[in-house]
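Below is one structure; the comments refer to it alone.
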Amino acid sequence: MSRFKTNELEVDILPQKRKSRGRAKGSAGRKAVVQCSGCGKMVPRDKAKRVTRYTTMVDPMIGRELRQQGAYIPRTKEIKTYCINCAVHRKVTRVRSKDDRKSR
Ligand SMILES: [Zn+2]
């Protein structure tokens, strides 16, 4: 625990690993929940990790050649929402060291 001084008043504040407590909530109360695409767990929207990926049915090697010749290759947008456990497991985010966590 660390001591924190505000206007002559000394308050004990609990240590926290991250300034945002791992969320983008701020002073807001409850946030809407979304379902994780990996495990199906319900997670707060501001805590979940969103990944947008564009996928095509065409093989990337053939696709590159076709694009050079001016062909249009359709692609689909794929949005996935992951809980923290799934995001770390799928390497969307990584566990960062104490000093690393400070950088935004
Ligand atoms: Zn999950």
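Note on region 75-104: among residues that are open to solvent by 70 Å² or more (accessible area, probe 1.4 Å) and assigned to a strand (DSSP E or B), the one that is nearest to the ligand (Cβ to nearest atom) is Ile79.
Out of all the residues in region 36-51, which are aliphatic (A, V, I, L, M) and either over 18 Å from Arg21 (Cα atoms) or outside any loop (DSSP other than H, G, I, E, B) (or both)? Working first, answer last.
First, the residues of region 36-51 that are aliphatic (A, V, I, L, M): 42-43, 48, 51.
Correct list: Met42, Val43, Val51.
Report the residue count in region 53-73 for those that are surrounded by 10 or more Cβ atoms within 10 Å (Cβ to Cβ) and not small (Gly, Ala, Ser). Result for region 53-73: 10. So which residues in region 62-94 are at pLDDT below 90 and hydrophobic (A, V, I, L, M, F, W, C), if there are any at all? Result: Ala71, Ile73, Val92. Does at least one position in region 32-52 carry a residue that is at pLDDT 90 or above, away from the ligand (no atom under 16 Å from the Cβ), open to solvent by 80 Å² or more (accessible area, probe 1.4 Å) and not polar (S, T, N, Q)? Checked against the condition, which is being at pLDDT 90 or above, away from the ligand (no atom under 16 Å from the Cβ), open to solvent by 80 Å² or more (accessible area, probe 1.4 Å) and not polar (S, T, N, Q), region 32-52 yields no hits at all.
Within region 14-28, not a single residue is in a helix (DSSP H, G or I), open to solvent by less than 50 Å² (accessible area, probe 1.4 Å) and not charged (D, E, K, R).
The values are calculated or read from the model by the stated rules, or taken from the named source; none is laboratory data. What you see is a predicted model; the values in this text were computed from it and never measured. So basically every Cβ, Gly included, is an ideal-geometry build from the backbone, and we count neighbours across all protein chains shown. Surface accessibility is based on the protein's heavy atoms, side chains included, excluding ligands, DNA and RNA. Shrake-Rupley method; radii C 1.70, N 1.55, O 1.52, S 1.80 Å.
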